[in-house]
1. Give the calculated FRET efficiency between residue B:250 and residue A:186 to the nearest 0.05, with a Förster radius of 41 Å applied to their Cβ-Cβ distance.
2. At 25 °C and a viscosity of 0.890 mPa s, what translational diffusion coefficient does Stokes-Einstein give for the protein assembly as shown, taking Rh as the Kirkwood radius over Cα pairs? Give it in µm²/s as a whole number.
3. What's the average, rounded to a whole number, of partner chain beta-carbon atoms within 10 Å of each residue's beta-carbon in A:360-367?
4. Neighbour counts of other C-beta atoms within 10 Å: give me A:286, B:764 arranged from fewest to most.
5. If each residue's Cβ is checked for other Cβ atoms within 10 Å, how do A:224, A:23 rank with the fewest at the top?
6. Could you state the per residue volume, in Å³, of the convex hull enclosing the Cα atoms of chain A?
7. Kindly provide the Kirkwood hydrodynamic radius of region A:254-418 in Å, to one decimal, from all pairs of distinct alpha carbon atoms.
8. To test your reading of the geometry: what angle, between 0 and 90 degrees and rounded to tens, separates the Cα axis of helix B:471-496 from the longest principal axis of chain B?
């Protein structure tokens, strides 16, 4: 059997915005808007550089039905470029870009195969006149696809390497929407050699027998852990109709990274600032060559807590740090600075004082212990957020904190204010 | 310095009030802070005022009106909690009696003593601790139990006005004020914190349409979402845009085709209209051509060449005539110059002269040579003449001088001098005789001097005259000088020296001398003088004679030299004349050798040669003009011959024609040929244009037919109709093109547009901001709720103790008329007082005095509660008992005495009876200090 390699990518989410990123500097905003499209260009370059026989895209190429024309035309041009070099492309649509979505692309370029949704299509790939592989795949007809599509796949009698292309949630990962849910056993039953999956944005090797791979998305999209770090595609080397090697190659141009600074031992703002700069510089060195969106967390107890609780203290520090890297190439944008520091107060001591603050802590402790009462209180307090136009928007917020987290921060805030001047 | 002095029996600490169970908890508070005293540096009317001797328990500060009680109270408030800002309505108490604005308050906590210094113009107060070290603000805050100025004024340090001011508040307000002021955390007022959070919450969210961060974000989100929906809608319409563009292009293409057809039809009409006239002219030309004979091309070429050469021919003929005139003029010039050359000179002789051997320069050289010789001859003659004239002049002068020499010559000068000498001696002798005869002759020495001088002058003049430079005058002068010298010497001698031989000898001598002088023997003085004059004249004549004689001798020498010069000039003149003659002879030979007329001078020869040149040039001009005229004549004859031949070949009779007739005939023949060519060209061009406009053979045939039978007016009408149709089609086409362009632009904009991505990014950005804002809102909402709920719980649980204490005190003060202060369960914001009859009354039903007693009791309760929670602060009041009747005043005094066990109580009053009441209530233990 002929040896070859192919590239497996998924979840390109072309021309879609970064989520959870507030206003950024104009040049950073431009870079973010272009990031997914530049990742596509890098993916094409990777495919050509590796001499891949074909490229497999396992769904969610666009972000939604409202996908822009720009993204589609960019994709078309990219695939045209591959076709010009004799590289074929296999596309299976996913929940974000089902087949029923409108398309600005009238006809796909030469060498592109888009799998239909009615049944699993199997396309033979010959290299140099020799049967090398069969690519099986199926697209989502519509977004809400809860059918176990993996069950439709079967190896067939064709010789060579068999690849399944599917957008699915293997093992019903609760962190992700349960589209086309299936189990590893379902995949094994199809007796394919390699499952090119999409949907889970965190790169993930599900199995090596057979190979079941999530390459993750080609460009991180939010500060969420699954979207952080290096993003790219998998280069699959096939020898003797078996996987010889699977390599990850980054394609992202902008990277989301997280950093953490413990304020313990930092006596003043200058020391805190220096520690933050050091942390960010370390991240910059670690992810050299890419624009960085950095989220920094301040943790621990220390004198800096009181400073940070000052009006606009965190915002001013954030602005100052952003100025530090302004104009850097590639850019480093401090996305946010989260103050999760704790007051140096000894809460048990406060509780023993028996004063107002002690009463307040007792009340908070009670709410911590009584979930029902806590939920009722928070619902009551949130009531203004559920009136008028706020209701819909607030309901859409994905990153809502847990009640306990809100309680913890509220308790700290109240104590800080009551105890101000005591430190 | 005005100091406060202690009055009454201050024994420190308050005594226990008599009668009844204790109103307040008798256990000592954990911390007690009291005033030891204060010193006013400058504050209002107070200046350098010290107050001391305050008891740990009850102290009465007694002062008359205007003693400054209220000022002291305010001083304490400001010193402890800071001066109010200038911008507030509170009085500032600027010093009016001098001193620095501020002062000192001394506080005691147990045995520890603190001095608090505060001045208006200092930024911060200074707190000196027990060890003398400066303590920080937080120590002061701790000393004051973290109370603030408002709380202190409301509960701990108040005057009658503050007490009464509660009556003006609503009941809810009273309660709220008291309780909120009394409820604190370990640091700031919980209600203040709650208010602060509320403010922050208002900045985050205000109603559903207010101006706050979340409201703004929501508005922006709505806007962006709407824009995004529109952008997505636009993007979704991409296919429609593509189809729209295609349709617009098809319409534009169809209109373009129709327009092109119309333009073709119109162009045909235009072409027919334009061809029509030319086509018919071509037909007429064909008819005319048929009537004209054809001329051979060669003949036509000859005729055209002849016609084209007409201008040249006429110019040549004109030129020929001009040349002929020039030849005639040259002939006349030849005749004239031959005459100038002289008789016998003919054209042949002139031509024979070799121009190369006759040069004007040679003649001019001859001219210069002859002139030089003539000049030399003339110069020699002039020199000879001048020499002769000089010689004659010298001869004449010589003769004149020689003729002036006297004959015989005057006596020689020696002879004259001898006679003069004789005369002198005669005079001397005569003088000696006289002297002998007449003694007393004078001094002769001066006369001798003068005679010597005259003699010297005579020598000088003589020498001058001898050199010939002084002329006759000098000679005369010399002679005169000699005479004078002699005379003087004679006189001197005569005077001076008597004759040696005596008078006889003298006389002899005198006679001898007279004789020798030709004088009588006894000459008189007159004779002597006359002789002297004569001798003087002879001397002069001889001197002149000598001078003239020497001049004559000089003239002889000069004359000899002049004669020699004259001879030399004569020789030179002869030589110049011979030279001149020789040159003239050579010149003559020169002319003769060259055939020049012998009579010609050099100037005449130059002019003659010029005439010879002119003659030769005229001969050449004439010959050249004659040759040219002959050549032009030949050419004219050749043209005429050719013209006759060509005209004959063209069928025109020309044999009998003269030159002018020939020219006209040639011109006419060419015009006829041109006309024929023009007609042929018209026919050809008409055909070419037709074929160019209508290349297709069939179409050309139809056009010929249309041109033959068509009507141009009909075509023009059709043209106008076509124009109208084309204009309409163009408008439609432009519209279609615009629509196509718009469709294309919309499609391309869609293809380029990042609007969806941008709006999504903005939407996500706003969502992230909203997320943050909501998280902050939730945190603050819950923080506020925690504080508010704790506050309520705090009040709910702590209030009973406050109300119980206040109720007990109030019951004591009212002698049991009221037994308790209650908080109705149905209202957290209301208070009631329970009468002895068991009926609860609202505060509004109480009299002013009773209400003030209640408010004071409530303050005592709160102060005691504050002491239980934090610090027992000094309780200071200013004449708050004035509205109480004596019984109740005494009862209140007793309550205050009891309260003073746990907290310091300071009462300002101007009423001695109040002081007495308090003193009595304390059984004399209260300290009374007079201000």
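What follows is calculated from the coordinates using simple rules that are stated; it is not laboratory data. These numbers were taken from a predicted model, which means no experiment stands behind them. FYI the Cβ positions are ideal-geometry reconstructions off the backbone, even for glycines, and counts take in every protein chain you see.
1. The pair residue B:250/residue A:186 has a calculated efficiency of 0.20.
2. Answer, rounded: 48 µm²/s.
3. Shielding by partners across A:360-367 averages 4.
4. By the 10 Å Cβ count, ascending, the order reads A:286, B:764.
5. So the residues, fewest neighbours to most, are A:23, A:224.
6. Normalising the Cα hull of chain A by residue number yields 173 Å³.
7. Roughly 18.2 Å, rounded to one decimal.
8. Its long axis makes an angle of about 90 degrees.
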